[in-house]
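Scroll down for the structure; my scribbles are underneath it.
The values are calculated or read from the model by the stated rules, or taken from the named source; none is laboratory data. Quantities reported herein were computed from a predicted structural model and do not represent experimental measurements. Every residue, glycine among them, receives a Cβ derived from its backbone with ideal geometry; neighbour counts consider all protein chains shown.
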Amino acid sequence: LDLLTDLNRRRGTTVVMVLHDLNLAARYADHLVAIRAGHLYAQGTPAEVVTEQMVEDVFGMTSRVITDPVSSTPLVLPVGRHHSGTLLAADEKRAAPEAPLPADALR
């Protein structure tokens, strides 16, 4: 992707690509388009498009969006039902995780 960015900046070549990795798309693209069910959901700069609500609506995934410390672009952090701790308690849309199995149950 660095090579494509160089091509774009040095030669003014337009680059159109499809990426499903939101973090790479946000880091390298100047303009993003989000499509949901075949229809335009959002378009604009990465900061305008990559939001927690967009990730939930388009990908069905609870996430947190922070600023990437390297590129200063949006960085999507999936919450995940097994690694969320108190985040799931605040999210009433998700079912509470099951209690962990006792250690001897795995033998």
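If you go through the stretch 28-55 and pick out every residue that is in a helix (DSSP H, G or I), under 17 Å from Leu77 (Cα atoms) and either of a type in the set (A, V, I, L, M, F, W, C) or modelled with pLDDT under 95 (or both), you end up with 4. Remark: Asp2 falls outside the filter, which requires a residue to be modelled with pLDDT under 95 and surrounded by 10 or more Cβ atoms within 10 Å (Cβ to Cβ). When Leu75 is tested against (1) in contact with a strand residue (DSSP E or B) (Cβ under 7 Å, 6 or more places away or on another chain); (2) free of Cβ contacts under 8 Å to residues at least 12 places away in the same chain; (3) of a type outside the set (Gly, Ala, Ser), exactly one condition is not met: (2).
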